[in-house]
Amino acid sequence: SAVGVAVLSSTEDIANARLEFADGCVANLTASRVSQERLRRIRFFQADAYVSVDLFERAVDLLRVDLAQLRAARDHPLAAAAAIRRGKLEVAEGEPLTLELAAFLRSLRDGRPGAAPAEAGRDALGVAERVQAEMKRRTRQWANRPSVVS
């Protein structure tokens, strides 16, 4: 599902999409070109871990939960906090978009695989088109609702 809102222009300035995959994985995506905050963050939630990737700061924070220790400390909140291990992950040097473009150019020059196969790019474009179509559908649906203000 997806929704977009035109704030300063005639097209979506803020967009939110929820992608649900066959294996149960869910991705919530938000993009804004009107936000005052420069933010590029990706967060991953798992049963035993949380990973936060800050693309501007080039930092990756990792929180891991020792599930056995957590279960053992169920009735003791302070002991439960000890089940969480905090850490940072190493980030390779280089600006991500520059690295991606360099990998693409190497693939053209050397005939080797790039950062991702062309099919992945095609599939990503297909998902983006579906998100855009869903935003348009929701906007039309909203515009056709009867007004509740008299």
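The values are calculated or read from the model by the stated rules, or taken from the named source; none is laboratory data. What you see is a predicted model, and the numbers here were worked out from it, not measured in a lab. Here the Cβ is made from the backbone with ideal geometry for all residues, glycine too, and neighbour counts use every protein chain on show. Heads up: the accessible areas ignore ligands, DNA and RNA and are worked out on the full protein's heavy atoms, side chains in. Shrake-Rupley method; radii C 1.70, N 1.55, O 1.52, S 1.80 Å.
Which numbered condition trips up residue 60, out of (1) open to solvent by less than 100 Å² (accessible area, probe 1.4 Å); (2) out of contact with any Ser or Thr (no Cβ under 8 Å at 6 or more places or on another chain)?
With respect to (1) open to solvent by less than 100 Å² (accessible area, probe 1.4 Å); (2) out of contact with any Ser or Thr (no Cβ under 8 Å at 6 or more places or on another chain), residue 60 is out only on (2).
Report whether or not residue 106 is over 24 Å from residue 11 (Cα atoms), surrounded by 11 or more Cβ atoms within 10 Å (Cβ to Cβ), of a type outside the set (A, V, I, L, M) and over 19 Å from the mean Cα position of the chain (by Cα).
Yes, satisfied.
Name the residue, out of 111, 121, 126, that is on the phi > 0 side of the Ramachandran plot and out of contact with any helix residue (DSSP H, G or I) (no Cβ under 9 Å at 6 or more places or on another chain). I'd like the intermediate steps shown before the answer.
Working: 121 fails: on the phi > 0 side of the Ramachandran plot; 126 fails: on the phi > 0 side of the Ramachandran plot.
Answer to the selection: 111.
Looking only at residues in the stretch 12-49 that are in a loop (DSSP other than H, G, I, E, B) and open to solvent by less than 60 Å² (accessible area, probe 1.4 Å), which one is farthest from residue 138 (Cα to Cα)?
Step one: list which residues in the stretch 12-49 are in a loop (DSSP other than H, G, I, E, B), which gives 12-13, 21-25, 33-40, 46-48.
When the remaining residues are screened for being open to solvent by less than 60 Å² (accessible area, probe 1.4 Å), the result is 12-13, 24, 34, 48.
Working: 12: 12, 13: 15, 24: 24, 34: 20, 48: 36 Å.
Result: 48.
When the residues of the stretch 117-136 are filtered to those that are of a type in the set (D, E, K, R) and within 18 Å of residue 31 (Cβ to Cβ), which remaining residue is most open to solvent (accessible area, probe 1.4 Å)?
So in the stretch 117-136, the residues of a type in the set (D, E, K, R) come out as 119, 122-123, 129-130, 134, 136.
Pick out the ones that are also within 18 Å of residue 31 (Cβ to Cβ) and you get 129-130, 134, 136.
Working: 129: 110, 130: 185, 134: 43, 136: 83 Å².
Applying the filter and picking the extreme gives 130.
Just checking, does the stretch 63-79 include any residue being outside any loop (DSSP other than H, G, I, E, B), under 16 Å from the mean Cα position of the chain (by Cα) and of a type outside the set (D, E, K, R)?
No: the stretch 63-79 contains no residue that is outside any loop (DSSP other than H, G, I, E, B), under 16 Å from the mean Cα position of the chain (by Cα) and of a type outside the set (D, E, K, R).
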